[in-house]
Amino acid sequence: MIAFKKSIVAAGIALIGLALGGLPVAAQQAKAPNLIKYVDPFIGTGGHGHTYPGATVPFGMVQLSPDNGSQGWDWCSGYNYCDSTIAGFSHMHLSGTGCGDWCDISVMPHTTWIWDTFQYFRVPYSHKDEKASPGFYSVKLGNGVDVALTTTERCGLHKYTFPVGSDPVVRFQLSYMINYDQPTRTRIVQENDSTLVGYRYSKGWANVQRVYFAARTSQPMKQFKVYNNRTNKEVDQDQQHGAIYNGELEFYDLKGKPVMMKVALSSVSREMAVKALDEIKGWDFDKVKQSAEQKWEKELEKIQVKTNDERLKRIYYSALYHTCMAPVLYSDADGRYRNANEDLKKMDTGQRYTVFSLWDTFRGLNPLFTITQPERNVDILNSMLAFCDETGLLPVWDLSTWETGCMSGYHAVPVLADAVLKNTPGLNANRAYEAMKKSAFQDIRGTKHYRKYGYLPQDKEGYSVTITLEYAYDDWCIAQVAKKLGKMDEYAQFMHRAEAYKILFDHSTGFIRAKNADGSWTVPFDPYFSSTDPGKAMFEEGNAWQYTFFVPHDIRGLAREYGSYDNFVLKLDSLFSVTTTTAHFQETPPDVSGLIGQYAHGNEPSHHIAYMYNYVGQPWKTQHRVRYIIDSMYHDQPEGYSGNEDCGQMSAWAIWSMMGFYPANPANGEYVFGSPVFDEVAVSVPGNKKMVVKTKNNAKDHPYIQSVTLNGKPYTKTYIDHATLMKGGTLEFVMGAQPNKQWGIDKADWPASVGD
């Protein structure tokens with residue numbers, strides 16, 4: 001009798017499971033979203049954050065998001081929360097960058113034919129009619145069309161519900177462009193009553209971009225038209241010859257039934273874009289949305305936090321979300337891609353990625369990938385090496401496999417060095433080392449003068465101090481790989497280059513500043529001055545206050561230039577407290593934001609500075625500074641970031657720092673302690689292990705570390721190394737309202753510095 005009852009219950013559960021899509025109830029519950037509810041994609045879309053709110057999956061090729069139709073710096077992603085119109089929904093976006101490009105393959109639903117160019121048919125909308133969550137975006141437009149978007153890696157899914165009685169029209173706006181972008185050639189062709197194929201070639205920040213697409217609709221088209229963008233005249237689809245063309249498709253009145261459309265992308269060909277349509281089977285919007293949510297849930301589960309502060313959870317998980325927005329897939333599912341040279345290539349293993357904002361991300365995001373993306377990171381690293389094979393050098397800022405040359409340094413080097421030093425499987429250390437040396441011995445971007453003089457003279461090239469300091473750090477990274485590979489002569493050579501900062505340290509002013517080729521100081525010198533004009537500026541996106549502290553490999557060596565560690569601490573303290581008149585800021589780039597004194601958290605060169613106190617025996621000051629930065633620079637609002645989010649770096653700083661540590665030297669495998677904010681953090685590491693970070697006496701007014709234990713034993717170091725973290729275990733901080741000035745002061749417990 002009991003067995004019979006059990007069988008009835010089991011049958012009932014099975015029926016319920018079928019009703020939920022064929023999965024048992026337990027499996028359905030296991031896949032139910034839990035952490036994605038804390039993600040707000042609108043964080044960073046306001047102010048200068050430059051993020052986008054639309055639908056994407058982790059590191060996906062497709063970023064399906066609304067564009068306002070506005071130009072300017074605060075529309076680098078195509079969207080800013082302050083705007084009130086939408087001009088289209090395009091399939092490629094940059095997250096948090098300081099330059100605007102992409103927004104390729106823009107489509108827009110209308111309720112009548114549109115006869116004018118894209119500048120004149122923006123549709124109003126209200127934020128109260130707008131929703132966004134990981135893998136999903138929706139809005140009700142002012143023209144009455146309900147729009148819902150979701151996506152897979154290479155295919156976006158649109159759902160349009162038109163007002164009853166309207167003429168449903170969808171416009172393919174291949175002429176749509178923002179900021180630097182400019183289409184050079186487009187094509188759109190109807191294959192049958194429900195399929196379109198085409199391409200968009202353009203130039204801009206990346207001088208060569210080619211995107212192939214295929215679109216398929218759930219309903220047959222009533223008619224399809226092609227327009228020459230310059231003349232706005234309709235042309236036969238076979239008469240598209242080297243100009244810019246837009247397409248417009250009309251549907252029958254569907255009486256409230258939605259039109260759905262898949263749009264797939266490829267870097268190779270239209271035929272491969274058609275194949276990518278198969279990433280979405282059928283027309284089940286909710287199924288695709290749920291799949292995207294599950295992918296995001298899997299990412300968010302890699303670091304799980306415990307706190308009663310719901311606001312902190314929103315900030316943290318939104319930041320973790322933003323660390324998975326770049327780099328993005330560039331290759332097709334089979335690993336093939338067509339690069340900017342128009343060469344058809346195939347990765348030996350894995351996928352090719354693009355969008356490498358390395359000047360930003362080498363500092364915190366890429367070291368985070370060695371923990372959160374152990375498999376994908378190998379593809380990212382090998383993508384850099386493939387770029388080197390194809391162009392002759394490692395990428396500086398790779399967009400669509402084109403070298404934009406944006407920003408200073410050769411910062412693929414610390415990313416690769418960090419991975420080599422951490423023994424990353426699947427990365428050929430010798431191949432990486434040879435690629436690093438190519439960057440170090442190039443004869444462009446000031447390196448020839450840097451090698452000749454031991455620094456870059458300002459009268460040879462602008463931004464000379466920034467470039468010198470960043471090359472010196474990158475050379476230190478090369479030296480560590482040389483040492484690991486047993487190349488000791490080359491190790492000594494690069495270690496010598498890593499000391500270049502000492503040549504530019506001016507003891508009379510206490511700042512690192514520019515010299516000319518004859519060894520004289522460049523004048524005039526104003527430590528507050530910053531400019532976008534390299535002819536005037538010694539520093540790129542910063543000034544002497546911020547850049548004097550960019551010696552992450554030799555912090556104690558820098559400190560000794562001040563005569564004593566106490567003098568150095570006084571200089572650090574001054575950074576966070578000095579004020580100046582507005583006259584000094586007349587030419588300052590807008591990137592220099594989030595100011596605390598002259599510390600600029602809204603820009604990456606400052607990101608390690610608060611952690612420098614640990615290196616000279618005053619860790620309580622790091623704890624105070626870090627907690628203040630967390631509390632003042634991160635919010636759960638559209639203006640939640642103090643500067644450009646920069647492809648995940650602004651968020652990566654928060655991810656590390658809110659856990660309680662940060663890679664102040666991004667390539668030496670040490671994570672320097674700050675001030676943890678959560679009651680508990682569980683970090684998944686390979687081998688199904690976890691490093692659990694617990695915090696006792698945690699409170700907003702308890703920023704100071706009193707003591708630390710590792711696996712129950714007293715731990716006196718002011719950092720934890722990568723190898724220890726990857727073993728898993730329990731790291732426990734005891735916090736307090738007052739600093740413990742005895743903890744962390746023993747020199748044996750300080751993080752590493754070259755000067756040792």
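I need the helices of the chain that pass two filters: whole DSSP H segments spanning 20 Å or more by Cα along the axis, and mean Kyte-Doolittle score no lower than -1.0. Those that clear 20 Å and a mean of -1.0 are 2-19, 376-391, 464-484, 619-633.
With each label modelled as a point 7 angstrom along the Cα→C-beta vector, the Met488-Asp284 pair spans 6.4 nm.
How big is the equivalent ellipsoid of segment 36-298 along its three axes, where each semi-axis is √(5λ) from the Cα gyration tensor, reported in whole Å from largest to smallest?
24, 21, 19
Over the chain, DSSP H runs of length four or greater, each weighted -39,500 (n - 2.57), average out per residue to a 222 nm ellipticity of -8000 deg cm²/dmol. For segment 694-700, 3J(HN,Hα) computed residue by residue from phi via the Karplus equation (6.51, -1.76, 1.60; θ = phi - 60°) reads 10, 10, 8, 6, 6, 6, 4 Hz, glycine and proline entered as x. Here segment 601-756 is described by how far its Cα atoms reach on the three principal axes: 43, 36, 34 Å, from widest to narrowest. The stretch between Asp309 and Ser84 holds 77.8 nm of extra length on full extension. This uses 0.36 nm per residue minus the Cα-Cα distance. Applying 1/(1 + (r/R0)^6) with R0 = 56 Å to the Cβ-Cβ distance of Tyr565 and Thr391 gives a FRET efficiency near 0.80.
Multiplying the residue separation of Lys727 and Phe441 by 0.36 nm and subtracting their alpha-carbon distance yields 99.2 nm. Of all aspartates and glutamates in the structure, those lying under 20 Å Cα to Cα from Lys131, and not within fewer than 8 positions of it along the same chain, are Asp40, Asp67, Asp83, Asp146, Asp284, Asp286, Glu293, Glu297, Glu310, Asp636, Glu639.
Here the ratio of the Cα radius of gyration of segment 136-251 to 2.2 N^0.38 Å is 1.12. If R0 is taken as 30 Å, the Cβ-Cβ distance between Lys131 and Asp701 corresponds to a FRET efficiency of 0.25. Here the chain yields Rg over Rh of 0.99, to two decimals, using C-alpha coordinates and the Kirkwood radius.
Each peptide among 133-140, 323-330 gets the average number of other Cβ atoms lying within 10 Å of its residues, and from highest to lowest they stand as 323-330, 133-140. Computed packing ranks the peptides 168-176, 478-486, 101-109 as 101-109, 168-176, 478-486, most packed first, by mean other Cβ atoms within 10 Å. Each residue of segment 62-74 was assigned a 3J(HN,Hα) from its phi angle through the Karplus curve 6.51 cos²θ - 1.76 cosθ + 1.60 (θ = phi - 60°); the sequence is 9, 10, 8, 8, x, 10, 6, x, 9, 9, x, 4, 7 Hz, with glycine and proline shown as x. Working ranking of peptides 641-650, 268-277 by packing, defined as the average number of other Cβ atoms within 10 Å per residue, highest first, is 641-650, 268-277. In this label model, Asp236 and Lys713 are separated by 8.3 nm, measuring between points 7 Å along each Cα→Cβ vector.
Straight-line reach from Lys689: taking Cα to Cα under 24 Å and skipping same-chain neighbours fewer than 8 places apart, the lysines in range are Lys31, Lys295, Lys298, Lys302, Lys306, Lys313, Lys422, Lys713, Lys717, Lys727.
With Cβ to Cβ distances under 9 Å as the rule, what net charge do the other residues near Gly47 carry (K, R +1; D, E -1)?
-2
Got a sec? How would Ile36, Ile280 order by Cβ neighbour count within 10 Å, fewest to most?
Least to most surrounded, the residues fall as Ile36, Ile280.
Charged neighbours of Gly242, selected by a Cβ distance under 12 Å, balance to +3 (K, R count +1; D, E count -1). The amide H of Thr151, built 1.01 Å from its N in the peptide plane, has Leu157 as neighbours under 5 Å, considering only residues 5 or more places off or on other chains.
On full extension, the segment bounded by Glu342 and Ser508 gains 54.4 nm, given 0.36 nm per residue less the C-alpha separation.
Pair-distance distribution of segment 550-600: all C-alpha pairs, bin width 5 Å, starting at 0; shares per bin in whole percent are 5, 18, 19, 21, 16, 13, 8. On the basis of the beta-carbon distance and an R0 of 41 Å, Gln223 and His635 show a calculated FRET efficiency of 0.25.
We did not get these values from a lab; they are worked out from the coordinates using the rules stated. All values derive from a computational prediction rather than experimental measurement. Cβ atoms come from the backbone with ideal geometry, glycine included; neighbour counts cover every protein chain shown.
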